[in-house]
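Visitor: Before I ask anything, let me first share the structure, which is written out below as structure tokens.
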Amino acid sequence: MKHIAQPKWLLILAGLVLHVGVASAQLHIESKIVGKKGEALPLASVYVDADKNTISNMEGEFAIDVDSTDVLRFSYVGYKTVKIPALQVGRKVTLEAEDHTLDEVLVHSSGYYVDKVRGKQRSEFRKWKWERYQFFYRQTTFTDNRCTTFLETFFTGLSSLQVRDLVLLTGRYWTVASSLTANPLNYYTFAQVPVLDNNFMPKEQLVPLVDFYRKYYQVECHRMSDGERDMYVLHFVPRDMEIWSVECDLYVDAETFELLQYKGIGHKDNVENSVRGQVHVVPVDYSFEVNYMQDNGFTEVQSVHFDVSFQDFGKKYRTSGLLYNVGERFSSAKKKLGFDNNLLREISQKGYDPTFWRENEIVKRTPVENEVIELVESDNLFGVYGNQK
């Protein structure tokens, strides 16, 4: 058979197409983000672009699908940001902390810096308070060290400064019916961690950026650097530990006064716990961490983690929740959730799509969470109100 010679330009074009195909191959990366001493860094940001991003789970692990030509940016407040080409990401990503106080003396009192932050956030909030994005939420409840509730949902919500006005898009859950209490159904409200006082705030709760904060809080301020950026750390301690308040740290960009991180513990918080018709109001231990981002031109919530624990009916209860801003990846809905909504019933009315959940892990699950998933899926127990195992 006679072979027909191909023009050189055609061969070159074919080579380029082949090269591009290889260069843009899909990669599934699983790794762990740690500090220099090997300690896990939970809630660290893993970012390529608006459609390809995630955070590390509570054990520092993450998973993400990227192109082989992508460059991943790893960041966490107080640690140096690292950028690594996708093909060079190993089994561990180490972030180096330069958590040191600068030698320079603060020019102003702590109150000056709090007022600057309050002014900045009030101005931003007025401008951006109606911005709405989507959030992924995962919740687990343990009763006496046994997992009794697992919940994953997608919400839409207003994202400026603090999450609010959540609307359920879709969800799935599993619960042990005998352990079902009234409050675990709406623990997601603990993810709406307030930092600034506004009209939507419950007036009886004292938050760091409340009016007349000097009356309610002692505040200390120091300046620090992570090697790339200077920041102020504002430490708030309630003057009266017997009122509903928080003891917390605010990490703030020293140049722009934008919030970077808010973490602390709650004082005098409680839940209404109901089992088999008996209702108890019990105090809880409550801790939280909120991380912020400015990717959309304003300060908005990137991630929230909370941990709530209490003892009642002779048992120990612990619920952890993780909320992550996924931008505009999914569709929207309109019916706003109230605190009294039965979240499990709302989810069951949406129906369960196992394919959707297999394709949207969003934040890598911990080994314990994976065990629950395998058990529940194998017995087809997801998403029907009143399921029990």
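The values are calculated or read from the model by the stated rules, or taken from the named source; none is laboratory data. Predicted, not measured: the structure shown is a model, and the values here were computed from it. Cβ coordinates were reconstructed from backbone atoms using ideal geometry, including for glycine residues, and neighbour counts include every protein chain displayed. For accessibility, only protein heavy atoms count, side chains too; no ligands or nucleic acids. Shrake-Rupley method; radii C 1.70, N 1.55, O 1.52, S 1.80 Å.
Visitor: Mind listing whichever residues of the range 135-176 are out of contact with any helix residue (DSSP H, G or I) (no Cβ under 7 Å at 6 or more places or on another chain), more than 19 Å from Met58 (Cα to Cα), touching a residue at least 40 places away in the same chain (Cβ under 8 Å) and surrounded by fewer than 21 Cβ atoms within 10 Å (Cβ to Cβ)?
Guide: The answer is Asp144, Asp165, Val167, Leu169, Val176.
Visitor: Consider Thr54 against the criteria (1) of a type in the set (S, T, N, Q); (2) modelled with pLDDT of 95 or more; (3) open to solvent by 40 Å² or more (accessible area, probe 1.4 Å): it satisfies all of them except one. Which criterion is unmet?
Guide: Going through (1) of a type in the set (S, T, N, Q); (2) modelled with pLDDT of 95 or more; (3) open to solvent by 40 Å² or more (accessible area, probe 1.4 Å) one by one, Thr54 breaks only (3).
Visitor: Right, here's the next one. Which residue, of Val77, Val71, Val93, Val89, is open to solvent by 60 Å² or more (accessible area, probe 1.4 Å), among the aliphatic types (A, V, I, L, M) and either in contact with a strand residue (DSSP E or B) (Cβ under 9 Å, 6 or more places away or on another chain) or in contact (Cβ under 8 Å) with a residue 40 or more places away in the chain (or both)?
Guide: Exactly one residue qualifies, and that residue is Val71.
Visitor: Further question: Read through the list (1) of a type in the set (A, V, I, L, M); (2) closer than 20 Å to Leu161 by Cα; (3) out of contact with any helix residue (DSSP H, G or I) (no Cβ under 9 Å at 6 or more places or on another chain), then give the number of the only condition that Leu322 fails.
Guide: Leu322 satisfies all of (1) of a type in the set (A, V, I, L, M); (2) closer than 20 Å to Leu161 by Cα; (3) out of contact with any helix residue (DSSP H, G or I) (no Cβ under 9 Å at 6 or more places or on another chain) except (3).
Visitor: Please determine whether any residue of the range 332-350 is under 22 Å from the mean Cα position of the chain (by Cα), of a type in the set (S, T, N, Q) and at pLDDT 85 or above.
Guide: The answer is no, given that none of the residues of the range 332-350 is under 22 Å from the mean Cα position of the chain (by Cα), of a type in the set (S, T, N, Q) and at pLDDT 85 or above.
Visitor: Given the criteria open to solvent by 30 Å² or more (accessible area, probe 1.4 Å), under 30 Å from Phe74 (Cβ atoms) and out of contact with any Cys (no Cβ under 7 Å at 6 or more places or on another chain), does Glu328 qualify?
Guide: yes
Visitor: Assess whether Phe257 counts as being hydrophobic (A, V, I, L, M, F, W, C), out of contact with any helix residue (DSSP H, G or I) (no Cβ under 7 Å at 6 or more places or on another chain) and open to solvent by less than 50 Å² (accessible area, probe 1.4 Å).
Guide: no
Visitor: Restricting attention to the range 335-349, report how many residues are open to solvent by 100 Å² or more (accessible area, probe 1.4 Å), part of a helix (DSSP H, G or I) and either within 17 Å of Arg138 (Cα to Cα) or charged (D, E, K, R) (or both).
Guide: Result for the range 335-349: 1.
Visitor: Give me the pairs: first residue in the range 342-366 and under 30 Å from Val46 (Cα atoms), second residue small (Gly, Ala, Ser) and part of a loop (DSSP other than H, G, I, E, B), beta-carbon distance under 7 Å, and six or more apart or on different chains, which are they?
Guide: Going by the 7 Å Cβ cut-off, the qualifying pairs are Ile347/Gly383; Tyr352/Gly383.
Visitor: Would you mind finding the one in Val284, Val304, Val290, Val271 that is crowded, with 21+ Cβ neighbours inside 10 Å, of a type outside the set (Gly, Ala, Ser) and without any contact (Cβ under 8 Å) to a residue 60 or more places away in the chain?
Guide: Every option except Val284 fails the conditions.
Visitor: In this structure, does Glu371 turn out to be at pLDDT 85 or above and in a loop (DSSP other than H, G, I, E, B)?
Guide: In short, no.
Visitor: Please identify the pairs in which a residue from the range 207-226 that is free of Cβ contacts under 8 Å to residues at least 40 places away in the same chain has its Cβ atom under 8 Å from the Cβ atom of a residue that is polar (S, T, N, Q), counting only partners at least 6 apart or on another chain.
Guide: Correct list of pairs: Val207/Ser245; Tyr216/Ser245; Tyr217/Ser245.
Visitor: From the list Ser332, Ser378, pick out the single residue that is in contact (Cβ under 8 Å) with a residue 12 or more places away in the chain and among the polar types (S, T, N, Q).
Guide: Ser332
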